[in-house]
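This report refers to the structure that appears directly beneath it.
The values are calculated or read from the model by the stated rules, or taken from the named source; none is laboratory data. Everything numeric here is computed off the predicted structure, so don't read it as measured data. With ideal geometry, Cβ positions are generated from the backbone for all residues, glycine too; neighbour counts draw on all protein chains shown.
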Amino acid sequence: MKRRNFVQNLLLAPVAPAVAAATQAPSSQTTPHQKPATEPKTPVRERRWGPHDVPKLDLTGVDLTGQPAPHYFTAAQFATLRKLGALLVPPLKNNPGALDAQAPEFLDFLISASPDDRQNLYRFGLDSLDSQSRDQFQKPFCDLDAHQADRILRPLLVVRPWSEDFPSDPLKKFIAQVHDDLRTATMNSREWAAASEKSGRHFTRGFRGSGYYWFPIDPINQG
Amino acid sequence: MPVKTYDVLIVGSGHSGGMAANILTSKGISCLMLNAGPEADYEKDRALKHAYELPYRGFDKPGRLPHVFQANEFNANQWVDEKEVPYTCPSDAPYNWVRVRLLGGRSLFWARQSFRLSNLEFKAAEIDGTGDSWPISLEDLAPFYSRVEQIFRVTGRKEGWPQFPDGDFVEITYPPDTDSIKRFTEIANKQGVGVSKWRSALGKDGLASSINLLLPDALATGKLDIVENAIVREISVDKNTGLANGAHFVDRHSGREMHVKTRVVVLAAGCLESTRLLLNSKIGNSSGVMGHYLVDQMYGVSVVASVPEARDGKASPGLMGGNAFIPRFRNLNKNDKRNFIKGYCVGIGSGSSASPNFFPLYGEELQAKLDSYANSCVSGSIFGERVARYENHVRIDSEVTDRWGIPVLHIEARDSDNERNLCKDAADTIEEWFHEAGWEIICKTDRVNPPGYSIHEVGTCRMGDDPKKSVLNKWCQSHDVKNIFVVDGASFVTCGWQNPTMTILSLSMRASEYLAEQMRTNAV
């Protein structure tokens, strides 16, 4: 059976027993000596939802209803990540920056759900930056001014011909990875899309951070 | 209920399976096509979305498809789930097996680059002085290439170069080259390197798939039934004749085991799945070479330059934009002595912007650089030919099974110095061209993505005249089991630098016509 036929049958399946129950109900509640005041009308079949009548309700995106609750990184690690967001992806050209887009908060969630190697890279990278900052400037990375932070970050930046090319040095690799992730999380955010639309770009295919999303195509393939 | 009977079982529904169904049904032969995955509904199964509407903001669920670099959260559900159908490889030799099991297979999503192999590839041993040649030549396949090109409506510019055989192209008018492309062409020509245009299948309504170009006609004959979500577990064999007599398959959802009887089995599941099925069925491998000579093309070598006069908003339409294509130009004859055999093509694109990862900068400084270099870039990247080597192979990993208990493949493929030398030559050559053009080199790499990345894997059931050294004969027919044909890329002897789709389609067409004639005369 084609899947679409199967789905249609599922939607129709409850209708038959329910209709039967509805038509039987009056007879069970009427005793034989009670004469109805008026001639019973032909029972009106109660309308049931057909597959095309189910209303489409307006739902609200989760990002509009609550604030993310970061939980994965330690307070010190998260402060370093926020500092990186402010430095690497600041608000420019009327676009939101990483902090406006809550990119660090999103990455806290993403990394918490990631395989071990990605988690280890992030924890190592955030701890290393903080440690280097304390050694070099006697304060945490999140408290550095832009000039001080640049003295740590600049030697760690590398040219990468492809986005998937990462340097072997773990700290340089972390900086490349977190830079990519902060940019993507920012440019794929609701805030970025709103800013783009405000500047006159309309939501079509090719609009930054958009595309044709393929739903899970059958029940097994849920990822 | 009476069960229908079929002459031919076709496993797989991509380009090769679609072509087999198209040809065989046109000859009045009844076919059953089993496809391992479901039919996609383009209206129902996809929707235009913002990345922020997706659960992982466009990143996709971490760790879901570690070997599919092409995957993102938008398209993640197209690909075969690596947990559902895993494979194994050595920890020091990753292999990117990129699979689609939807009806139509990878024909739904291919890049539509459409080339013929030349006799440099068919007769490779003669030019390379090593390795093997195909048992067929370009002349054998040319009539089939022509018919395929007409069905797929291939565009291209005829050049008359032996290493880049012309085809039956749809004539189109190319826009005039921009000044940057003219400049590049001039430099390459000065070195005796021919510059052409990409050759691409127009298909129909933007799709060049088996599901719109091949299967509708086959279904219209009334001779084809297609079953979705039917995973073939094993080919069954008649103990008395040694011939295949059908296949055991399992329903993807319920796990219900089924068997179908047919006179002939045509494998078109993609080279590695077809080989996996044969290996799991323990047939057709008297030569011992089944699974060996796995090969695909090298992607990743790239050079990007910026045209200085196009920077800071001056990338005019007359200066930037357009593309060029250089077919293989290395080792065209025996006198071209280099530290590698084989060759590569180069694709040139003009008018792109720089990627943020090109610059060791961040924040405002990075943005200023990106703004300055916007639309000023010219990029050159290659498709390089790997050497088909015995040691690059697949075998059954009996300790790991897929969701249905079918043993999976172990894939082992490594590059050699030949590949590394070829890639270094390519990166150095493109850099030299760009440098001579007066452009600023922004980045250069001769690093190659892991084998499999090109999604052009071929081989593992190579064809040949000698049954002791090959799995299939020149008609894609098993030497050992005469009623089994493998019509996907498994029969390839060399991979060339070319996108293999036109060759796969032509081989499938040729094999299917041969099969139809063999069936008519009861030779099969």
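Data for the structure
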| read-out | value |
| --- | --- |
| Filtered residues of the stretch B:56-70 (kept if under 17 Å from A:P115 (Cα atoms) and either more than 7 Å from every other protein chain (Cβ to nearest Cβ) or touching a residue at least 40 places away in the same chain (Cβ under 8 Å) (or both)) | B:D60, B:L65, B:P66, B:H67, B:V68, B:F69 |
| Residue list for the stretch B:429-466, restricted to those being touching a strand residue (DSSP E or B) at 6+ places or on another chain (Cβ under 6 Å), within 12 Å of chain A (Cβ to nearest Cβ) and hydroxyl-bearing (S, T, Y) | B:T445 |
| Within the stretch B:231-260, considering residues that are farther than 24 Å from B:A523 by Cα and in contact with a Lys or Arg (Cβ under 7 Å, 6 or more places away or on another chain), the one surrounded by the fewest Cβ atoms within 10 Å (Cβ to Cβ) | B:H248 |
| Selected residue (only one of A:G211, A:G223, A:G206 is closer than 23 Å to A:Y72 by Cβ, within 13 Å of another protein chain (Cβ to nearest Cβ) and either in a loop (DSSP other than H, G, I, E, B) or modelled with pLDDT under 95 (or both)) | A:G223 |
| Filter result for the condition that a residue is closer than 19 Å to B:V98 by Cα, assigned to a helix (DSSP H, G or I) and either in contact (Cβ under 8 Å) with a residue 24 or more places away in the chain or within 20 Å of the chain's Cα centre (by Cα) (or both), over B:A427, B:A490, B:A516, B:A511 | B:A490 |
| Condition check for A:S163: more than 21 Å from A:R82 (Cα to Cα), at the interface with chain B (Cβ under 9 Å from one of its Cβ atoms) and of a type in the set (G, A, S) | yes |
| Spans of helices (runs of 4 or more DSSP H) in the stretch B:106-180 with at least 2 residues closer than 29 Å to B:Q70 by Cα | B:138-152 |
| Qualifying position, being in a loop (DSSP other than H, G, I, E, B) and closer than 17 Å to B:P216 by Cβ, among B:E39, B:E73, B:E84 | B:E39 |
| Residue match in the stretch B:92-108 (condition: over 24 Å from B:G405 (Cα atoms), touching a residue at least 12 places away in the same chain (Cβ under 8 Å), of a type outside the set (D, E, K, R) and within 14 Å of chain A (Cβ to nearest Cβ)) | yes |
| Qualifying residue in the stretch B:409-419 (condition: buried (at least 17 other Cβ atoms within 10 Å of the Cβ) and within 14 Å of chain A (Cβ to nearest Cβ)) | no |
| Considering residues of the stretch B:167-192 that are within 24 Å of B:R112 (Cβ to Cβ) and of a type in the set (S, T, N, Q) only, the residue surrounded by the most Cβ atoms within 10 Å (Cβ to Cβ) | B:T178 |
| Top-ranked residue of the stretch B:193-212 - restricted to ones that are over 18 Å from the mean Cα position of the chain (by Cα) and touching a residue at least 40 places away in the same chain (Cβ under 8 Å), ranked as surrounded by the fewest Cβ atoms within 10 Å (Cβ to Cβ) | B:K204 |
| Boolean, B:P66 is farther than 30 Å from B:S254 by Cβ, part of a loop (DSSP other than H, G, I, E, B), modelled with pLDDT under 95 and not small (G, A, S) | no |
| Unmet requirement for B:E121, which otherwise passes all of (1) surrounded by 18 or more Cβ atoms within 10 Å (Cβ to Cβ); (2) closer than 19 Å to B:G14 by Cα; (3) of a type outside the set (K, R) | (2) |
| Pairs where the first residue, in the stretch A:57-68, is under 17 Å from A:N188 (Cα atoms) and the second is of a type in the set (A, V, I, L, M, F, W, C) and not in a loop (DSSP other than H, G, I, E, B), C-beta under 9 Å, 6+ apart | A:P68/A:F106; A:P68/A:F109 |
| Looking only at the stretch B:473-524, and only at residues there that are of a type in the set (S, T, Y) and within 18 Å of B:K123 (Cα to Cα), the one that is surrounded by the most Cβ atoms within 10 Å (Cβ to Cβ) | B:S491 |
| Selection count where residues are touching a strand residue (DSSP E or B) at 6+ places or on another chain (Cβ under 9 Å) and either among the polar types (S, T, N, Q) or within 12 Å of another protein chain (Cβ to nearest Cβ) (or both), scope the stretch B:23-41 | 7 |
| Search result, residues across the stretch B:230-261 that are within 14 Å of chain A (Cβ to nearest Cβ), on the phi > 0 side of the Ramachandran plot and at pLDDT 95 or above | none |
| Residue that is nearest to the chain's Cα centre (by Cα), among those in the stretch B:267-289 that are of a type outside the set (G, A, S) and farther than 10 Å from B:C461 by Cα | B:E273 |
| Any pair with Cβ under 7 angstrom, 6 or more apart, that starts in the stretch B:161-177 at a residue that is more than 14 Å from B:V195 (Cα to Cα) and ends at one that is in a strand (DSSP E or B) and of a type in the set (S, T, Y) | B:F169/B:T155; B:V170/B:T155; B:I172/B:T155 |
| Options B:A76, B:A51: the member that is at negative phi, at the interface with chain A (Cβ under 7 Å from one of its Cβ atoms), of a type outside the set (F, W, Y) and surrounded by 23 or more Cβ atoms within 10 Å (Cβ to Cβ) | B:A51 |
| Filtered residue count, the stretch A:98-124, keeping only those that are within 16 Å of the chain's Cα centre (by Cα) and either within 12 Å of chain B (Cβ to nearest Cβ) or of a type in the set (A, V, I, L, M, F, W, C) (or both) | 13 |
| Single match in B:W433, B:W439, B:W475 (criterion: within 21 Å of the chain's Cα centre (by Cα) and of a type in the set (F, W, Y)) | B:W475 |
| Single unsatisfied condition, B:S302 versus (1) within 14 Å of chain A (Cβ to nearest Cβ); (2) under 28 Å from the mean Cα position of the chain (by Cα); (3) over 27 Å from B:N418 (Cβ atoms); (4) not β-branched (V, I, T) | (3) |
| So A:D127, is it at pLDDT 95 or above, surrounded by fewer than 13 Cβ atoms within 10 Å (Cβ to Cβ) and more than 11 Å from every other protein chain (Cβ to nearest Cβ) | no |
| Filter result for the condition that a residue is part of a helix (DSSP H, G or I), over 21 Å from the mean Cα position of the chain (by Cα) and not polar (S, T, N, Q), over B:A354, B:A368 | B:A368 |
| Search result, residues across the stretch A:61-76 that are out of contact with any Phe, Trp or Tyr (no Cβ under 8 Å at 6 or more places or on another chain) and not small (G, A, S) | A:V62, A:L64, A:T65, A:Q67, A:H71, A:T74 |
| Helices (runs of 4 or more DSSP H) contained entirely in the stretch A:81-155, each with at least 1 residues that are touching a helix residue (DSSP H, G or I) at 6+ places or on another chain (Cβ under 9 Å), among the aromatic types (F, W, Y) and in contact (Cβ under 8 Å) with a residue 12 or more places away in the chain | A:103-112, A:116-137 |
